[in-house]
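Here's the structure, in structure tokens; my notes come after.
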Amino acid sequence: YGQAPSENTLGETLLFCWDSIRFGIKNLLAFVLLLIFSFFFPVVGHLLLLAAMSYFLGVSYLMTPANNARMRLGELKKLLREKTCRVLGFGVLAYFLLLIPFVIIFLLPGLVLGGAELFHDIRQERG
């Protein structure tokens, strides 16, 4: 994409790790709350759970290229605010592909590359 890879300093790496830990904790809390909600409202709760987890999965595939571009999680969320449907679509696709046993071993590198491509497309559209 016309950029040479840059090495992150130890401080930047620790900040990116902290962002990932916070993102994982938020995912866990959202999953638990939506799972409890889905017990009381089965159809609606499961659809909300699927949508939320697919969106979080899509964002998680976009975090690595964002970190390589030295973009923190808050900046990434601002960038993705207008592109929620694209991230959700990518996440739903990844979610359903993860359900296929043994095939994911071969598809996982493609999902990582797809996340990087989606990140760079969204970033170029924004300018």
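The values are calculated or read from the model by the stated rules, or taken from the named source; none is laboratory data. The structure presented is a predicted model; accordingly, all values stated were derived computationally and were not measured. Cβ sites come from the backbone with ideal geometry, for glycine too, and all protein chains shown count toward neighbours. Keep in mind that these areas ignore ligands, DNA and RNA; they rest on the heavy atoms of the full protein, side chains included. Shrake-Rupley method; radii C 1.70, N 1.55, O 1.52, S 1.80 Å.
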Task: Scope the stretch 59-106; condition over 13 Å from the mean Cα position of the chain (by Cα) and among the aromatic types (Phe, Trp, Tyr); matching residues - done: Phe96, Phe102, Phe106
TODO: For the stretch 7-107, please list each of the helices (runs of 4 or more DSSP H) lying entirely inside it that holds at least 2 residues being out of contact with any Phe, Trp or Tyr (no Cβ under 6 Å at 6 or more places or on another chain), open to solvent by 30 Å² or more (accessible area, probe 1.4 Å) and among the hydrophobic types (A, V, I, L, M, F, W, C).
DONE: 10-40, 42-68, 84-98
Open item on the list: Name the single residue that is farthest from Ser20 (Cα to Cα) among those in the stretch 108-127 being among the small types (Gly, Ala, Ser) and open to solvent by less than 30 Å² (accessible area, probe 1.4 Å).
Closed with: Gly114
